[in-house]
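Heads up: the structure comes next, in structure tokens.
The values are calculated or read from the model by the stated rules, or taken from the named source; none is laboratory data. A quick note: this is a predicted structure, and the numbers were derived from the prediction, not measured. Virtual Cβ from ideal backbone geometry, glycine too; neighbours counted across all protein chains shown. Surface accessibility is based on the protein's heavy atoms, side chains included, excluding ligands, DNA and RNA. Shrake-Rupley method; radii C 1.70, N 1.55, O 1.52, S 1.80 Å.
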Amino acid sequence: MLRTLQIRPDRVDNTKTHYIQKLHMITNIDKIVNTISQHGSAFAEVRNPAYVFPPVEYYPLAAPQQKVSRLKAALMDMDGTTTTTEVLCIHSLDVMLQRMSGRTAGDDRAGIIREADLPHIIGNSTTKHVEYLITTYREMITVSDTAASFIAAAAETLAHSTDHIRKQEVILNIRKLNIPELIDDIKAGTGEEQLLARYAHKITGHDFTTLVNLGIDIYYAVYHNILTQLKMGRSDLVRKMIPVHQHGHRKLISPMPGIPILIPLLKGWLGAEASLFADELLEDYRKSNPKKHKAVETDRIRLQLGRLGSMFEQQPVKIALVTSSIFYEADIVIKEVLNEMASHIQASKLSRQRKEYIMNAYKNYHRVYDAFVTATDSSEIRLKPHRDLYSIALHRLGINPVDFANVVGFEDSQSGTIAIRAAGVGCCVAVPFAETAAHNLEAATHILHGGIPQAIIEFGLFLE
């Protein structure tokens with residue numbers, strides 16, 4: 001049934017004017033300059049992937065904030081801050097570069113140069129990492145090797161991957177190359193040698209964007225194969241694949257120092273029993289601050305941890321885990337990490353009741369993290385240093401802008417610290433590790449080379 005709504009002409013004009021004013025978003029340089037001049041803090045210049053317009057965007061950053069009056073939420077980066085998985089990503093990028101250049105690990109300049117390249121291949125989106133490597137090592141890369149490696153990666157992904165989004169990305173790239181028949185041949189189970197003979201010579205593109213797209217698919221095929229092996233319990237096999245100097249015989253997926261204490265502490269699960277972890281926390285702190293350790297009194301740390309534990313038991317902190325990894329990767333990694341953390345709790349001196357509660361919570365990471373934000377929640381072109389992932393996290397936590405001053409963000413990379421400040425959080429804490437030590441971390445309010453243990457011991461988690 002149709003209904004007619006009678007509106008007076010004068011009201012129509014006013015309504016039109018109102019909406020025109022609201023929708024009129026085109027502005028001029030004078031207004032922009034005036035708005036910018038009123039912002040009292042710094043700005044960040046963020047470069048987009050090569051195929052995105054505009055090439056550069058500028059973000060106003062939240063004013064730096066040393067402490068919070070009450071800690072309501074913590075934003076936690078995953079790779080490098082919460083977990084040790086950065087080594088797997090670096091290795092996968094290294095193998096990608098080797099395959100695109102037809103070189104092996106034993107060749108001169110076979111892959112990345114750690115000192116020069118690490119600041120550029122950690123903390124950003126995969127696209128930005130691959131763009132950097134292709135730009136830097138363009139003279140090494142050959143179209144024929146790239147084509148062969150892409151076909152092998154495409155066959156591996158379409159035939160064996162359980163990540164449907166990755167499969168769609170590979171299919172899209174094959175169609176862009178104008179060889180859709182490759183999809184049918186892979187699905188039909190055609191062998192790799194036959195696929196190479198039929199299609200390698202048809203991939204002739206030399207343009208930068210094509211090389212980046214193919215490189216991304218090669219990288220993911222390597223990385224996802226590693227994750228699959230780890231998921232199947234074949235860590236010894238993976239360890240043999242990765243040079244010792246990269247992993248140093250440590251577990252390939254494990255929590256970063258201090259994380260097994262920080263997470264249950266913030267959730268309020270430890271209570272006054274948090275003091276039981278004083279010796280362990282001091283041991284982790286000593287490893288990165290050997291000189292300061294002598295001046296730190298164990299009794300004081302026990303008292304401090306007990307007070308923090310009791311406070312958070314009364315006022316638990318919401319925690320968001322935020323990563324530029326896609327969901328498929330993050331889901332596998334965080335489950336492995338929580339298994340390690342459960343073992344840590346099992347071996348602790350906590351009371352039986354607390355142990356049982358925490359270990360049960362670790363069976364489902366949604367009980368640990370109040371928001372779990374991955375690249376899949378946004379887009380490859382809107383990852384760190386863009387603010388999107390952290391803005392999504394704050395929204396899912398139910399933290400409104402009026403309470404951003406009660407949030408602390410933890411990151412290990414340049415891009416991550418910029419993203420936190422760009423999302424409106426001023427108390428941004430950099431916890432760099434060996435691979436990110438050379439990053440420019442000037443966006444961080446605090447730079448703690450002692451990581452999470454230092455944040456707890458020296459700063460009391462930045463509470464006033």
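Oblate is the label for segment 49-100. Its Cα gyration tensor axes, ordered a ≥ b ≥ c, give a/c of at least 1.5 and b/c at or above a/b. Taking a ≥ b ≥ c as the square roots of the eigenvalues of the alpha-carbon gyration tensor, segment 84-238 is classed oblate because a/c is 1.5 or more while a/b is no larger than b/c. In order along segment 35-43, phi translates into HN-Hα couplings of 5, 4, 5, 7, 7, x, 10, 7, 10 Hz, rounded to whole numbers, per the Karplus curve 6.51 cos²θ - 1.76 cosθ + 1.60 with θ = phi - 60° and x for Gly and Pro. The spread of Cα positions in segment 47-171, taken along each principal axis and listed from longest to shortest, comes to 58, 34, 34 Å. Karplus-based coupling profile of segment 342-354, in residue order and whole Hz: 5, 4, 4, 5, 4, 7, 7, 9, 4, 5, 4, 4, 5, with θ = phi - 60° in 6.51 cos²θ - 1.76 cosθ + 1.60 and x standing for Gly or Pro. 3J(HN,Hα) along segment 370-381, derived from phi through the Karplus expression 6.51 cos²θ - 1.76 cosθ + 1.60 where θ = phi - 60°, amounts to 6, 9, 10, 10, 10, 4, 5, 7, 10, 7, 4, 8 Hz, with x in place of Gly and Pro.
Taking the charge dipole of the chain about its Cα centre, with +1 at Lys and Arg Cβ atoms and -1 at Asp and Glu Cβ atoms, the residue from L305, V56, S37 reaching farthest to the positive side is L305.
What is the Rg over Rh value, at two decimals, for segment 97-164, using alpha-carbon atoms and the Kirkwood definition of Rh? Over the Cα atoms of segment 97-164, Rg/Rh equals 1.01. Taking one quarter of the surface of the convex hull spanned by the alpha-carbon atoms of segment 205-361 gives a direction-averaged projected area of 12.8 nm². Placing a pseudo-label 7 Å from each Cα along the Cα-to-Cβ vector at R396 and Q229 gives an inter-label distance of 3.0 nm.
With Cα atoms defining each centre, segment 417-464 and segment 312-331 are spaced 17 Å apart in the structure. For segment 299-407, the Stokes-Einstein estimate of translational diffusion at 37 °C and a viscosity of 0.692 mPa s comes to 206 µm²/s, using the Kirkwood hydrodynamic radius over alpha-carbon pairs. Residues whose amide H lies under 5 Å from that of A44, counting only those 5 or more places away or on a different chain, are Y59, L61; hydrogens are built 1.01 Å from N in the peptide plane. Averaging 1/r over every pair of different alpha carbons in the chain and inverting the result gives a Kirkwood radius of 24.3 Å.
Amide H contacts of M256: T83, T84, each under 5 Å away and 5 or more positions distant or on a separate chain (H built 1.01 Å from N in the peptide plane; Pro and chain starts excluded). Grouping the Cα pair distances of segment 328-464 into 5 Å bins from zero gives a pair-distance distribution of 2, 10, 15, 16, 21, 19, 11, 5, 1, 0 percent in increasing distance order.
Close amide H contacts of G424 (hydrogens built in the peptide plane, cut-off under 5 Å, sequence separation of 5 or more or a different chain): A62.
Among K384, K67, K167, K176, the order of accessible area from largest down is K176, K67, K167, K384, computed with a 1.4 Å probe on protein heavy atoms.
By the gyration tensor of its Cα atoms, with a ≥ b ≥ c the square roots of the eigenvalues, what is the shape of segment 302-359: rounded for a/c under 1.5, prolate for a/b over b/c, or oblate? Oblate shape, in that a/c is at least 1.5 and b/c is the bigger or equal ratio. In the chain, taking the dipole from charged Cβ atoms about the Cα centre, the farthest positive-side position among I345, A188, P432 is held by I345.
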